[in-house]
Every structure is written in C-alpha cells, then in structure tokens.
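This report refers to the structure that appears directly beneath it.
The values are calculated or read from the model by the stated rules, or taken from the named source; none is laboratory data. No experiment lies behind these values; they were computed from the predicted model shown. Here the Cβ positions follow ideal geometry from the backbone for every residue, glycine too, while neighbour counts run over all protein chains shown. Each accessible area value is taken on the protein alone, full model and side chains, heavy atoms only, with ligands, DNA and RNA left out. Shrake-Rupley method; radii C 1.70, N 1.55, O 1.52, S 1.80 Å.
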Amino acid sequence: MLRWKEYLRSSDYKARAAAESKKWGKHLEVEARGEMNAWLDHPEIAAHYRERCRIDGLDWMRWVRHHLGGPAARSLDLGCGAAARSLAVWEAGASAHLEGTDISEDRVAEGERKRQSLGAPGRFWADDVNALTLEPGRYDLIFSAHSFHHFLELEHVMEQVERALTPRGLFILEEFVGPTQFQWTDLQMDLTAGLLKFLPESLRRFRWNAVKHVEGRPTVEEVVAVSPFESIRSAEIGPLFEKYFDLFVVRNLGGTIQHLLYNGIAHNFWPVTDEASRAIQGIFAIEDRLIDSGLLPSDFMLLVGRRRGG
C-alpha cells in the first residue's frame with residue numbers, strides 16, 4: 001500500500017490524473033450523441049444485466065430503501081461522473097441527501113447542473129478519490145457504479161468507506177472486477193471467438209466495414225494510452241472488499257464474454273431484428289449458464305457490504 005501513497009505524490013501520477021480527468025470530461029460528448037459502442041449501451045442487453053442485478057426482486061436502489069426502512073439520510077457516490085446514478089438513487093427514494101465526487105471537473109459540473117434542476121438536496125465536487133478523507137459515521141449509503149475499477153489506492157478508499165459508514169450503513173459496488181488492465185484470459189477470448197463464428201457477418205461488421213473475428217488482448221501500454229487508470233487494479237477489488245467489509249449480497253452480472261464480443265459491433269444489434277434478437281438471447285443463455293455453473297467467473301459483479309459487526 002505504501003508504494004501507492006508514494007506514487008500519488010509523483011509528477012507521473014499527477015500527469016496521468018490530469019489526462020484521466022480530461023478523457024472523462026470529453027466523454028460527455030459521446031454520451032450526448034447516444035453512441036452505441038459497448039455491450040451496456042444496448043437497451044436489451046442492459047435490461048438483462050439489470051435483471052441479474054436485482055435483490056429480492058428489486059433493483060438495488062429500491063432494495064436499499066426497503067432494507068433501511070426508508071431513504072438513507074445521506075449518500076456518497078464515489079466516482080459520481082455526471083451524477084446519473086446518484087440522481088437515480090434519489091428518484092428511487094433511496095437517499096434524502098446526495099453527495100458525490102469525481103476527478104473530472106467537467107462531469108461534476110454537469111452533475112451539479114442536473115441536481116439543481118431537479119431540486120435534489122446535496123452537492124457534487126471534484127476531488128481525487130485516491131486521497132479522499134471522509135468524516136466518520138457520516139453516510140448511510142456509499143456506492144460506486146462502474147467507477148471503482150479506475151481507483152488506484154483501493155486499500156485507502158475502502159478504509160475511508162468503512163469509517164464513514166453509519167452502524168446501519170451499506171457499501172455497494174456495481175463494478176467491473178475482471179482482469180486487471182483488460183488482460184483477458186485465454187478462455188474468455190476463445191469463447192468469444194467461438195461465439196462470433198456463429199453470428200452472421202452483418203452483425204459482426206465494424207463501422208469501417210471490417211468483419212470482427214476475435215477480440216484481442218490489448219497491451220498494457222495500449223490500455224494506458226486510452227485511459228491511464230483503466231481497470232488499474234480491477235482483479236483485486238473483490239478480495240479487498242471481503243477483507244474490509246461483511247459481504248452479504250453478491251450478484252454475478254456477466255460481461256465475461258459479452259463485454260468482449262459486443263465491443264465495436266454493438267450498434268449492429270439495434271434496432272433489434274429477429275436475427276439480432278436470436279443472437280442476443282443465445283449469447284445470454286451461454287454466458288449465464290457458464291457463469292451460474294461456476295465454470296466461468298463473472299467480470300461484472302454487484303457487491304453489498306457493511307461494517308463488520310454492523
């Protein structure tokens with residue numbers, strides 16, 4: 001852990017953090033265009049993912065309200081981005097007061113604009129989660145959705161979360177926990193290539209008209225060039241969560257094959273034709289069966305924990 005604390009003070013880290021902030025600020029433009037590039041950009045695929053995310057028949061936000069017997073008095077969204085998930089939490093009645101932080105000033109500003117327009121109590125601010133210090137016992141709910149795998153100082157962040165939770169507080173991660181820096185396993189690449197062979201070429205065409213046959217393993221340098229902290233310690237998230245918290249809800253959300261398979265070609269499956277629907281449903285069935293049987297790990301997971309002894 002010391003090596004990360006030392007690295008946070010380095011000029012290299014500061015330069016990479018600035019690049020990460022800029023990247024995600026510019027991503028607002030992609031989101032505004034509604035581009036379909038990845039598996040969870042697709043409405044039908046995202047709906048299946050959300051179904052696997054349910055707890056006692058409820059999405060986790062409504063489950064939180066049910067579990068706590070009402071809204072959290074105060075919630076914190078780590079890596080809140082433009083606050084879409086925080087505002088969904090508020091609209092679901094799961095939090096009465098929203099707080100959140102993100103490294104991108106542009107995304108935080110957009111989140112604040114949306115929060116104020118909806119009249120949701122709270123605030124979002126720009127900060128480096130890796131160096132965050134939280135007030136003890138402040139939050140009934142702390143969560144992170146698809147951001148935690150960009151954090152470098154995992155031990156520090158989890159220590160801060162543990163101390164900042166109230167005795168009844170919940171820590172929820174909806175997160176990519178797969179191979180660090182997208183160093184895909186041979187098995188998941190082979191399964192992806194095998195499934196691609198069954199799809200018609202019309203569903204496998206990139207926007208530049210080449211046909212997809214495989215999803216390769218990027219080099220670490222290629223991953224860093226796109227996003228300096230992309231999945232920087234993602235494979236360590238699950239074990240560290242269990243080390244710091246009492247883990248009492250786990251949901252395997254999939255993505256071990258779908259994340260790779262749909263990369264760059266998801267747009268071909270929308271609008272959903274009969275042919276596309278058959279392919280989507282078949283891919284669901286295969287990935288679900290492999291993950292649910294324990295033959296394949298789930299790269300995306302929902303983890304719900306609380307302070308030990310809470």
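Values computed for the structure shown
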read-out	value
Region 74-182 - charge dipole about Cα centre, Lys and Arg +1 at Cβ, Asp and Glu -1, debye rounded to 20	440 debye
Residue of 79, 70, 57 that the Gaussian network model of the chain assigns the largest fluctuation, springs spanning Cα pairs under 10 Å	57
Dipole magnitude (debye, nearest 20) for region 106-234, charges at Cβ of Lys, Arg, Asp, Glu	620 debye
Solution diffusion estimate, µm²/s, Stokes-Einstein, the chain, Kirkwood Rh from C-alpha pairs, 25 °C, viscosity 0.890 mPa s	121 µm²/s
Folded to 0 to 90 degrees: helix 186-196 orientation relative to the chain principal axis, Cα	50 degrees
Farthest positive-ward along the chain dipole, Cα basis, beta-carbon charges - from 194, 172, 256	172
Taking the C-alpha atoms of region 212-254, convex hull volume expressed per residue in Å³	113 Å³
Alpha-carbon spread of region 1-153, three principal axes, descending order, Å	47, 40, 32
Computed label-point distance, nm, for sites residue 15 and residue 236 using a 7 Å Cα→Cβ extension	2.3 nm
Kirkwood-type radius of region 175-310, with distances r between different C-alpha atoms, in Å	16.4 Å
Solvent-free Debye scattering, log10 I(q)/I(0), computed from the Cα coordinates of region 66-127 at q = 0.15, 0.16, 0.21, 0.29 Å⁻¹	-0.37, -0.42, -0.69, -1.19
Percent of Cα pairs exceeding the 22 Å cut-off, where the set is region 67-216	51 percent
Hydrodynamic radius (Kirkwood) for region 235-310, which is based on Cα pairs only, to one decimal in Å	14.4 Å
Linear extension gain, residue 44 paired with residue 155, 0.36 nm per residue minus alpha-carbon span	36.4 nm
Unit charges at the beta carbon, dipole of the chain: most positive-side option, 134, 78, 300	134
Along principal axes, Cα extents of region 117-169, largest first, whole Å	34, 27, 18
Value of [θ]222 nm, deg cm²/dmol, for the chain, DSSP H segments ≥ 4, -39500 (n - 2.57) each, nearest 500	-12500 deg cm²/dmol
Gain in span if fully extended, residue 220 to residue 27, counting 0.36 nm per residue against the direct Cα distance	67.3 nm
Square roots of 5 times each gyration tensor eigenvalue, C-alpha, region 266-310, largest first, Å	33, 15, 7
Fraction of the pair-distance distribution of region 175-252 above 17 Å, Cα-Cα pairs, percent	62 percent
Within the accessible area of region 198-310 (1.4 Å probe), percent carbon and sulfur	54 percent
On Cα atoms only, tilt of 43-52 relative to the major axis of the chain in degrees	60 degrees
Lys pairs, the chain - Cα-Cα below 17 angstrom, 8 or more residues apart or on other chains	4
Check: the chain dipole with +1 on Lys, Arg Cβ and -1 on Asp, Glu Cβ, in debye	420 debye
Per residue accessible area of the chain, 1.4 Å probe, in Å²	45 Å²
Among 239, 228, 284 - extreme Cα towards positive end, dipole of the chain, charges at beta-carbon	239
